[in-house]
Amino acid sequence: MSDLKLTYFDFHGGRGEPARLALSMGGVPFVDDRIPIAEWPERKAGTPFGAVPTLQVDGKTLTQSNAINRYVAKLTGLYPSDFWQAALCDEAMDAVEDVVNQIGSTMFLPDDEKKSKREALTEGMFPLYLKQLSKNLEENGGRYFADDRLTIADLKVAMLTRQLTSGILEHIPTDLVERVAPDLLGHFERVMKDPSIKAYYAKHGVEV
Ligand SMILES: N[C@@H](CCC(=O)N[C@@H](CS)C(=O)NCC(=O)O)C(=O)O
């Protein structure tokens with residue numbers, strides 16, 4: 001078994017969380033390197049692209065969240081072996097990445113600009129993506145995004161649903177998902193009810 005170290009910010013969510021969940025669900029030992037936000041300026045230069053997550057595998061560093069997600073999902077049985085199902089899995093993860101990139105681009109804007117950009121996203125891109133993700137879910141059986149079972153794609157979509165509904169993003173209404181893609185809320189509940197996910201958050205003292 002390779003030595004694994006997953007590095008990401010010290011909070012329960014974001015681009016690093018699906019890989020943390022997948023490794024924990026699969027019982028794969030890894031060093032859970034959580035960077036306190038205050039330490040990021042000094043850690044940033046030590047990462048290949050000035051960003052996290054990163055995954056060290058036997059001392060070699062892998063970057064890009066979805067590459068990391070696929071790698072750990074293959075290790076843990078959370079990635080489909082069928083090529084088409086694998087592509088559906090990738091499609092959902094890349095769609096989430098499109099949304100996350102837009103959210104990221106507003107993070108450090110002055111508040112008036114942040115407000116207008118987030119309002120525009122709430123009227124335009126976000127409903128488009130959420131509705132299409134919901135449609136993909138339905139077309140793939142209504143329960144999971146690929147392979148008719150929980151895969152890494154479900155973990156990534158669930159993290160987005162949680163981010164959008166949690167109220168941590170100012171100027172994005174917490175009822176947006178409910179209004180435009182309510183099936184994603186049912187999907188979120190389904191994912192969070194998975195016993196190994198419940199056990200993971202219980203271990204970390206997080207209510208889900
Ligand atoms: N394309 C990269 C984006 C990575 C990224 O932007 N990560 C954010 C956290 S979610 C980050 O490191 N932000 C801090 C910074 O850019 O200084 C990926 O998918 O991993």
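Where in the chain is the longest stretch that carries no GluC sites (Glu not before Pro) classed as loop by DSSP and with at most 11 other Cβ atoms within 10 Å?
1-169
For the residue pair Val206 and Asp32, what label-to-label distance in nm results when each label sits 7 Å from Cα along the Cα-to-beta-carbon direction?
Reported label-point gap for Val206 and Asp32 is 0.9 nm.
Can you classify the chain as rounded, prolate or oblate using the Cα gyration tensor, where a ≥ b ≥ c are the square roots of its eigenvalues, rounded means a/c under 1.5, and otherwise it's prolate if a/b beats b/c and oblate if not?
oblate
Just the number, please: percent antiparallel of the DSSP beta bridges in the chain, rounded to the nearest 5.
Expressed as a percentage, antiparallel bridges in the chain total about 65.
Assuming a strict under-25 Å limit between Cα atoms, what lysine pair count do you get for the chain once near-sequence pairs (fewer than 8 apart, same chain) are dropped?
Number of lysine pairs found: 28.
Which chymotrypsin sites (Phe, Trp or Tyr not before Pro) in segment 49-117 sit in a loop by DSSP (not H, G, I, E or B) and have at most 10 other Cβ atoms within 10 Å of their own Cβ?
Answer by residue number: Phe49, Phe108.
Compute the whole-percent fraction of alpha carbon pairs in segment 83-196 spaced more than 18 Å apart.
Tail of P(r) above 18 Å: 47 percent of Cα pairs.
Only sites in a loop by DSSP and with at most 13 other Cβ atoms within 10 Å count here; which trypsin sites (Lys or Arg not before Pro) in segment 113-203 make the cut?
In loop regions of segment 113-203 (DSSP not H, G, I, E or B), the sparsely surrounded trypsin sites (Lys or Arg not before Pro) are Lys193.
Evaluate the distance, in nm, between pseudo-label points positioned 7 Å from the Cα of Asn101 and of Trp40 along their respective Cα→Cβ axes.
Between Asn101 and Trp40, the label points sit 1.9 nm apart.
Please state the relative contact order of segment 76-163 as a whole percent: Cα pairs under 8 Å, 6+ residues apart?
43
For the chain, what is the calculated [θ] at 222 nm in deg cm²/dmol (nearest 500), taking -39500 (n - 2.57) for each run of four or more DSSP H residues and dividing by its residue count?
Helix contribution divided over all residues of the chain: -17000 deg cm²/dmol.
Exposure proxy check: Thr47, Thr7 ranked by fewest other beta carbons within 10 Å?
Fewest to most other Cβ atoms nearby, the residues stand as Thr47, Thr7.
Taking the Cα centre of the chain as the origin and placing charges on Cβ (Lys, Arg +1; Asp, Glu -1), which of Leu164, Thr63, Gln102 is farthest toward the positive end of the dipole?
So the residue we want is Thr63.
Coordinate-derived values only; no laboratory data. None of these values were measured; they are calculated from a predicted model. Note that we place each Cβ from the backbone using ideal geometry, even for glycine, and neighbour counts take in every protein chain shown.
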